[in-house]
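Novice: Got a structure for you, questions after.
The values are calculated or read from the model by the stated rules, or taken from the named source; none is laboratory data. Bear in mind that the values here come from a model prediction, so they are computed numbers and not experimental data. Neighbour counts are summed over all protein chains in view; Cβ atoms, including those assigned to glycine, are modelled from backbone coordinates with ideal geometry. Accessible surface is based on the protein model in full, side chains and every heavy atom, while ligands, DNA and RNA are left aside. Shrake-Rupley method; radii C 1.70, N 1.55, O 1.52, S 1.80 Å.
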Amino acid sequence: MITLDNRLQAAAELCRSGKIAADVGCDHAQLACRLAMDKSALVIASDVRDGPLEAARRTVSECGVTNVKTVKSDGLAEIDFADDVIICGMGGELIAKIISGCRFLNSDTRFILQPMTRAEYLRKWLYNNGFELLEERTAYDGGRGYTVMLAAYTGVSREIDTVEALTGKITDCNFLRNIAEKLSKNADGMEKSHSNSEQAEVLREMSREILKKANNVE
């Protein structure tokens, strides 16, 4: 029996039933196998490295699932189609690079994305490149908070400001307050070092705006 951590469980919940899913950077394929058992018609579990793929094959064999296909692929290079593309546990910049190589993009393709870093970069990239965030969920594991994004391609690009890039569609007031606190601490550091007082005030204003957003969703 596979039990996913909260981060991967949140990603699984955003996947659709009866669809073809691609788990890019599958690691041990626990998410892929869970989806194969619960939701997906077929799961393509891919990784660029041989070690994780061997681990993935062992997990598939141990679970006895027949609807998981393991593929060695650099991002989406060797994947011809998927309805739901899941990319978890990577940096926001790498996730954006992988999505940019998608060859089967259409308005029904869904991207379930869990960036470990640079979430704000990923949000800006998505909107700049014709994607829209449909939903975001937060999850907590080991004392750390994560955001999981659901995105779709619309073909309409737009710019978003820094506050929207930092917060997206997050409605978790504690998560938002944590973002605001980090901005405030960065501002404190700038003021103490006398490095950039103007930028420090910009960060403080963004922190106040995000705190206001947190209070509104509470």
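Novice: Where nothing but the Cβ of Lys and Arg (+1) and of Asp and Glu (-1) is charged, how large is the charge dipole of segment 114-218 around its Cα centre, in debye to the nearest 20?
Specialist: Roughly 180 debye, rounded to the nearest 20.
Novice: Related question: Out of residues 5 or more away from Lys69 or on other chains, whose amide H comes under 5 Å of its own, with H placed 1.01 Å from N in the peptide plane?
Specialist: Answer set, sorted by chain and number: Val43, Ile44, Ala45.
Novice: What residues from segment 52-87 fall in the zone where the backbone N is under 18 Å from a label point 7 Å along the Cα-to-C-beta line of Met37?
Specialist: So the set is 55-70.
Novice: Let me ask something else. Between Asn215 and Lys97, 0.36 nm times their residue separation minus their Cα-Cα distance comes to what?
Specialist: Result for the pair: 39.0 nm of gain on full extension.
Novice: Further question on the same structure: Kindly provide the helix-only [θ] at 222 nm of the chain, computed as the sum of -39,500 (n - 2.57) over DSSP H runs of four or more divided by all residues, to the nearest 500 deg cm²/dmol?
Specialist: Helix-only estimate at 222 nm: -14000 deg cm²/dmol.
Novice: For labels at Glu78 and Asp141 in the simple 7 Å Cα→Cβ model, what's the distance in nm?
Specialist: Each label point lies 7 Å from its Cα, and together they span 2.5 nm.
Novice: Hey, got the dipole for the chain? About the Cα centre, +1 on K and R Cβ, -1 on D and E Cβ, debye to the nearest 20?
Specialist: 160
Novice: Taking the Cα centre of segment 130-186 as origin, sum charge times position over the Cβ atoms of Lys and Arg (+1) and Asp and Glu (-1), and report the length of that vector in debye to the nearest 20.
Specialist: So the dipole magnitude of segment 130-186 works out to roughly 220 debye.
Novice: Taking +1 at the Cβ of each Lys and Arg and -1 at the Cβ of each Asp and Glu, which of Gly130, Leu14, Asn178 sits farthest along the dipole of the chain towards its positive end, judged by Cα position relative to the Cα centre?
Specialist: Leu14
Novice: Among Val217, Gln30, Ala200, whose Cα lies farthest out toward the positive end of the dipole of the chain, if unit charges sit on the beta carbon of Lys, Arg (+1) and Asp, Glu (-1)?
Specialist: Gln30
Novice: For Thr109, list long-range residues whose amide hydrogen, built 1.01 Å from N in the peptide plane, is under 5 Å from its own amide hydrogen.
Specialist: Excluding prolines and chain starts, which carry no amide H, the hits are Tyr153.
Novice: Sticking with this one: In degrees between 0 and 90, to the nearest 10, how far off the longest principal axis of the chain does helix 173-193 point, with axes built from Cα atoms?
Specialist: 50
Novice: In Å², and per residue, what accessible area does the chain have when probed at 1.4 Å with the other protein chains present?
Specialist: Accessible surface, normalised per residue, equals 50 Å².
Novice: Pick out which of Ala22, Ala152, Ala32 has the largest mean-square fluctuation in a Gaussian network model of the chain, springs linking Cα atoms closer than 10 Å.
Specialist: Result for the chain, Cα springs under 10 Å: Ala152 fluctuates most.
Novice: I want the antiparallel fraction of DSSP beta bridges within the chain, as a percent rounded to 5.
Specialist: About 40 percent, rounded to the nearest 5.
Novice: If you average the C-alpha positions of segment 37-74 and of segment 12-29 separately, how far apart do those two centres end up, in angstrom?
Specialist: Cα centroid to Cα centroid, the span is 10 Å.
Novice: Something else now. Please determine, in degrees from 0 to 90 and to the nearest 10, the orientation of helix 197-217 with respect to the longest principal axis defined by the Cα atoms of the chain, where the helix direction is its Cα long axis.
Specialist: 60
Novice: Here's a follow-up. With r defined as the distance between the Cβ atoms of Ser193 and Gln9 and R0 fixed at 30 Å, what FRET efficiency is calculated, to the nearest 0.05?
Specialist: 0.15
Novice: Related question: Assuming 0.36 nm per residue, please report the length gained on full extension of the stretch Lys182 to Asp108 beyond their Cα-Cα distance.
Specialist: Here the answer is 23.0 nm.
Novice: Which aspartates and glutamates, on any chain, are close to Lys39 with Cα under 12 Å apart, when same-chain ones fewer than 8 places away are left out?
Specialist: Glu13, Asp84
Novice: Among all the aspartates and glutamates, which ones have a C-alpha under 13 Å from Lys97's C-alpha, if same-chain residues fewer than 8 places away are not counted?
Specialist: Excluding near neighbours in sequence, the set is Asp74.
Novice: Have a look at Thr154, Val60, Ile95 and report the one farthest towards the positive end of the charge dipole of the chain, computed about the Cα centre with Cβ charges (Lys/Arg +1, Asp/Glu -1).
Specialist: About the Cα centre, the residue reaching furthest to the positive side is Val60.
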